[in-house]
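The structure under discussion appears below in the form of structure tokens.
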Amino acid sequence: MSEARSPLGGAVCQGEGAKVEELPAQGMVTLRGAMGDIADAVTAAIGLSMPSQREIVIAGDKAVAWMSPDELLLLMPHAEVQACLTTLSERLDGTHHLAVDVSDARAVFRISGAGAREVLARLCPADLSPAAFGPGELRRTRLAQVPAAFWIDEAGAFRLICFRSVARYAFDVLCGAARGAPVGFFPESDAV
């Protein structure tokens, strides 16, 4: 089996108030099905509880993200994807569902620093004020012209996922936004 690689080889840029870095390849499984039917299988496969609408449940290097009314994204170390899929297949045998390894189809970025919120606010039509978006919440939206999802991680930095095919574009627009002079719209709060 070939070694998993990130699309941009770990690209990094430092702006005035935020740093953008591409993270190493991340194990990801898309799971579709009726939420009530798949809940026990998710807990068995990844050891985490189900998120509510627009939430992400994170514990260490694993997470379960709500993506739509019938879709979750399970995140784990790349080496654990096959075991996760096997457990899901066994637990959901006879249940209408779809579980697919999408690790190689996605790119993951970390946006950190006091201006991280501002970087994303420049590119996404979502309310990113601390009162409207905090830890444990997930947003699926547009990043400039491409679909993306993001959340605030345990360290207070943002994690953003997009399709691998648009990784260079996403990185470039994130870096452009990070290089802009901080406006100071958001208080320097939870971003690291």
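The values are calculated or read from the model by the stated rules, or taken from the named source; none is laboratory data. On a predicted model such as this, the values are computed, not experimentally measured, just so you know. As a convention, Cβ positions derive from the backbone with ideal geometry for all residues, glycine included, and neighbour counts pool all protein chains shown.
The set of residues in segment 26-35 being crowded, with 19+ Cβ neighbours inside 10 Å and within 22 Å of Phe163 (Cβ to Cβ) consists of Gln26, Gly27, Met28, Val29, Leu31.
Residue by residue, here is whether (1) of a type in the set (Gly, Ala, Ser); (2) touching a residue at least 24 places away in the same chain (Cβ under 8 Å); (3) surrounded by fewer than 21 Cβ atoms within 10 Å (Cβ to Cβ) holds:
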{"site": "Ala4", "(1), (2), (3)": "yes, yes, yes"}
{"site": "Leu23", "(1), (2), (3)": "no, yes, yes"}
{"site": "Asp37", "(1), (2), (3)": "no, yes, yes"}
{"site": "Pro51", "(1), (2), (3)": "no, yes, no"}
{"site": "Trp66", "(1), (2), (3)": "no, yes, no"}
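Within segment 156-169, the set of residues being among the small types (Gly, Ala, Ser) and either under 17 Å from Leu128 (Cβ atoms) or over 14 Å from the mean Cα position of the chain (by Cα) (or both) comprises Gly156, Ala157, Ser165. Taking segment 21-79 and the strands (runs of 3 or more DSSP E) fully enclosed by it, the elements with 3 or more residues that are not β-branched (Val, Ile, Thr) are at 27-33, 62-68, 71-76.
The single condition among (1) under 19 Å from Ala155 (Cβ atoms); (2) in contact with a Cys (Cβ under 8 Å, 6 or more places away or on another chain) that Ala45 does not meet is (1). Is it the case that Asp93 is over 30 Å from Cys175 (Cβ atoms) and either in contact with a Phe, Trp or Tyr (Cβ under 6 Å, 6 or more places away or on another chain) or exposed (fewer than 14 other Cβ atoms within 10 Å of the Cβ) (or both)? Judged against the criteria, Asp93 is a match. Could you list, in sequence order, the residues of segment 7-21 that are surrounded by 15 or more Cβ atoms within 10 Å (Cβ to Cβ) and free of Cβ contacts under 8 Å to residues at least 60 places away in the same chain? Matches in segment 7-21: none. Considering segment 134-156 alone, what residues qualify as being modelled with pLDDT under 95 and surrounded by 19 or more Cβ atoms within 10 Å (Cβ to Cβ)? Result: Ile152, single match. All conditions in (1) outside any strand (DSSP E or B); (2) within 22 Å of Ile152 (Cα to Cα); (3) touching a strand residue (DSSP E or B) at 6+ places or on another chain (Cβ under 8 Å) hold for Glu16, with the sole exception of (3).
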